[in-house]
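A.B. asks: Quick one: structure below, then a few questions.
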């Protein structure tokens with residue numbers, strides 16, 4: 001379905017990329033809420049994205065349609081026809097949108113805790129009201145879900161957001177109409193396994209992993225016997241749990257370290273991040289998108305870039321072959337890898353993935369997005 005939102009209302013909607021990413025990331029069956037819908041411009045965009053995704057996403061729009069204090073005197077408010085105009089504007093996508101004509105706090109009581117994948121707040125911009133909105137809606141967001149809002153440049157909005165979230169606030173855009181976003185802790189387990197032969201790179205990798213939000217992230221730097229694990233990780237323990245071990249050989253290919261770590265893990269997704277690689281800023285988005293598209297996939301494969309940002313390895317079923325797939329290019333479900341060891345050879349990424357692909361090629365899912373940088377720390 002073609003977008004028609006640009007024909008509707010005032011041009012306050014400057015965050016289509018955020019809405020587009022949300023629809024790409026959330027699975028079928030997800031529930032999303034927009035608080036403050038006005039004349040329906042942003043709601044119409046979201047609805048078309050949902051229709052085009054083919055997913056069953058429940059989309060609720062919350063508004064009193066009485067306007068905030070800044071809107072008083074608007075022609076639709078004077079005439080009392082704002083809600084009717086909203087309904088006329090969304091008519092082509094009315095079957096996707098569930099209007100709730102309530103105040104923000106009242107509407108939040110209609111939803112169970114931990115039931116929403118995404119909430120976007122663009123209601124009153126008064127400090128006290130934004131505080132109340134966040135307090136009402138944050139418990140409704142599921143672990144790993146996203147709560148966000150508009151007009152972060154306004155003093156009342158920024159003050160309330162910063163008081164509610166001491167850390168973990170992302171800003172989208174600057175100036176008028178900037179957005180804020182906070183990913184609620186939790187979500188699917190993501191085990192990041194790093195065989196260590198370059199311990200001097202670990203602080204950079206740790207800082208890089210802090211940007212991976214929306215997952216229960218656990219980092220496993222696995223040292224060979226030449227190094228002391230406790231010495232190398234003590235200085236950056238913090239928001240990401242770090243589990244260290246000293247295992248394996250000194251051959252330098254990392255296979256025994258990866259195998260030893262896999263054997264210790266019982267569940268979750270596993271990602272093999274070498275100690276000279278970094279994840280892309282869009283890594284978490286790409287992985288959430290892959291999981292939403294194929295919730296039962298065994299392996300999710302992405303594009304890989306060189307350290308300078310140029311494309312190194314694209315993904316695709318025809319490219320799962322020797323020399324065309326790299327360790328840092330795929331995330332694997334723990335149970336799918338059960339019983340498959342990593343060889344201690346230079347080509348161990350291919351030798352590990354080959355039997356899994358030959359056994360179940362249909363379990364591989366491909367996300368055409370950049371997710372990792374190769375040799376970024378060399």
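A.B. asks: Less than 20 Å from a label point 7 Å out along the Cα-to-Cβ axis of residue 53: which backbone N atoms in segment 187-204 qualify, by residue?
C.D. replies: Counting only backbone N, you get 187-189.
A.B. asks: Say R0 is 25 Å: what FRET efficiency, to the nearest 0.05, do residue 321 and residue 267 get from their beta-carbon distance?
C.D. replies: FRET efficiency, residue 321 to residue 267: 0.25.
A.B. asks: Write down the radius of gyration of segment 189-374 and its Dmax, each obtained from C-alpha positions, in Å.
C.D. replies: Rg, Dmax (Cα atoms, Å): 15.2, 43.
A.B. asks: Considering the zone a paramagnetic label at residue 210 would reach in this model (a point 7 Å from Cα along the Cα-to-Cβ line), which residues of segment 168-191 have amide N under 19 Å from it?
C.D. replies: Residues passing the 19 Å test: 168-172, 181-186.
A.B. asks: For Cα extents along the principal axes in Å, one of (i) 78, 43, 38; (ii) 87, 60, 39; (iii) 82, 42, 35 was computed from the structure I shared and the rest are decoys. Which label?
C.D. replies: Step by step, Cα extents along the principal axes in Å for this structure corresponds to label (i).
A.B. asks: Relative to the longest principal axis of the chain, what angle (0 to 90°, nearest 10) does the C-alpha long axis of helix 283-293 take?
C.D. replies: Result, in degrees: 80.
A.B. asks: Bin width 5 Å, origin at 0, all Cα-Cα pairs of segment 5-183: what percent of pairs per bin?
C.D. replies: Histogramming segment 5-183 at 5 Å steps yields 1, 8, 18, 22, 23, 17, 8, 2, 0 percent.
A.B. asks: Given R₀ = 51 Å, FRET efficiency for residue 240-residue 91 by Cβ-Cβ distance, to 0.05?
C.D. replies: In this case the efficiency is close to 0.60.
A.B. asks: Assuming R0 = 30 Å, what is the FRET efficiency of residue 306 and residue 189, from their Cβ-Cβ distance, to the nearest 0.05?
C.D. replies: 0.50
A.B. asks: If I fit a long axis through the Cα atoms of helix 127-137 and take the longest principal axis of the Cα atoms of the chain, what angle between them do I get, 0 to 90°, rounded to 10?
C.D. replies: 60 degrees
A.B. asks: May I pose another question? Just want to confirm a number: the relative contact order over the chain, from Cα pairs under 8 angstrom separated by 6+ residues, in percent.
C.D. replies: Relative contact order, the chain: 13 percent.
A.B. asks: Normalised by the number of residues in segment 129-204, what is the relative contact order in percent for Cα pairs under 8 Å and 6+ residues apart?
C.D. replies: 34 percent
A.B. asks: Evaluate the relative contact order of segment 189-374 (contact order divided by residue number), counting alpha-carbon pairs under 8 angstrom at least 6 apart; express in whole percent.
C.D. replies: Normalised by residue count, the contact order of segment 189-374 is 26 percent.
A.B. asks: While we're looking at this one, here's another question. Kindly provide the helix-only [θ] at 222 nm of the chain, computed as the sum of -39,500 (n - 2.57) over DSSP H runs of four or more divided by all residues, to the nearest 500 deg cm²/dmol?
C.D. replies: -8000 deg cm²/dmol
A.B. asks: While we're on this one: Give the angle, between 0 and 90 degrees and rounded to the nearest 10, that separates the Cα long axis of helix 155-164 from the longest principal axis of the Cα atoms of the chain.
C.D. replies: It works out to around 40 degrees.
Read-outs: derived from the displayed coordinates by stated rules, not from any lab. Predicted model only: the values in this text are computed from it and were never measured. Every residue, glycine as well, gets a Cβ built from its backbone with ideal geometry; the counts of neighbours run over all protein chains shown.
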